[in-house]
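Notes to accompany the following structure.
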Amino acid sequence: LSEASVLNSDIANNKAGGTGGGLFADYQKSLKVGDGTVLAHNEAAFGGGIYIEDSWQSAVIKRCSIVYNVAHDGGGGGILWERTPPELGEDVLMDSNIAQYGNQIASGIARLTAALRGAIITANTEPISPEIRVSIFDNYGNTVRRRNMATTVVATIFSETCMYRDNPCPTHESM
């Protein structure tokens, strides 16, 4: 594990095919970005300006500008973080960044929600076909998107017989 400081630096006009167009920090003990640092016009699939993954301590970001960065395929035009949120200190300007979700700042998956529609859960007397919808959200409530598609999973389950105890549907005569 290493410690890194990016201070009083201009990081501009960079492109990454994967993560972190301007700055990529992976498994850092600590990361400090600030003191007049400018991250501008950087591009990546995820985390256009800064991508932070598995930092042992919260990255400290203060007194800097993170502007006009783009995340083409996922979140965090300005900053995308996974697992440990950064600490945003004083005088951080994040503006005009573009992403599939979380234009200025986004996180990886933080919450899943599931909904069940079209199902009678008890005493089924007919075959059923419920729809199960699972939606994925980041730490800021944004729907996590990849390549302009919401990462919502929809599955429909079809039963040829009732989903009732040992599967045989009760007949109206047996009820």
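The values are calculated or read from the model by the stated rules, or taken from the named source; none is laboratory data. These figures come from a predicted structure and were not determined experimentally. Reconstructed Cβ throughout: ideal geometry from the backbone, glycine too, with neighbour counts over all protein chains shown. Areas reflect the complete protein model, heavy atoms only, side chains present, ligands, DNA and RNA absent. Shrake-Rupley method; radii C 1.70, N 1.55, O 1.52, S 1.80 Å.
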Quickly run through segment 1-29 and pick out the residues that are in a strand (DSSP E or B) and over 22 Å from the mean Cα position of the chain (by Cα). Ser2, Glu3, Ala4, Ser5, Val6, Leu7, Asp10, Ile11, Ala12, Lys29
Within segment 59-75, track down each residue that is open to solvent by less than 40 Å² (accessible area, probe 1.4 Å), over 15 Å from Ser107 (Cα atoms) and either hydroxyl-bearing (Ser, Thr, Tyr) or in contact with a Pro (Cβ under 9 Å, 6 or more places away or on another chain) (or both). Val60, Ile61, Ser65
